[in-house]
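Written out below as structure tokens is the structure these notes cover.
Every number in this text was worked out from the coordinates using simple rules, so none of it is lab data. In this text, all values refer to a predicted model and were calculated from it rather than measured experimentally. Glycine also receives a Cβ, built like all others from the backbone with ideal geometry; neighbour counts cover every protein chain displayed.
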Amino acid sequence: MTANAFREDAEKCMEAGMNAHLAKPLDDKKIKQTISEELRRSNACHE
């Protein structure tokens with residue numbers, strides 16, 4: 001989570017190895033969606 005909300009900021013985060021980028025102000029639905037997607041991705045890797 002970050003206050004840096006520009007596209008370039010998100011790209012830098014992903015290049016640094018982060019799984020997702022959430023910018024403030026935070027949105028409950030987006031947080032839940034992102035966590036759910038990451039859990040599905042993680043579980044698929046471990047099957």
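Considering only residues that are in a loop (DSSP other than H, G, I, E, B) and free of Cβ contacts under 8 Å to residues at least 12 places away in the same chain, which ones fall in segment 1-22?
Once the filter is applied, which keeps residues that are in a loop (DSSP other than H, G, I, E, B) and free of Cβ contacts under 8 Å to residues at least 12 places away in the same chain, segment 1-22 yields Phe6, Ala16, Gly17, Met18.
Kindly establish whether Asn19 is surrounded by 10 or more Cβ atoms within 10 Å (Cβ to Cβ) and not charged (D, E, K, R).
Taking the combined requirement at face value, the residue satisfies it.
Take segment 23-47 and flag every residue that is loosely packed, with under 10 Cβ neighbours inside 10 Å and either under 9 Å from the mean Cα position of the chain (by Cα) or in a helix (DSSP H, G or I) (or both).
Selection gives Asp28, Lys29, Asn43, Ala44, Cys45.
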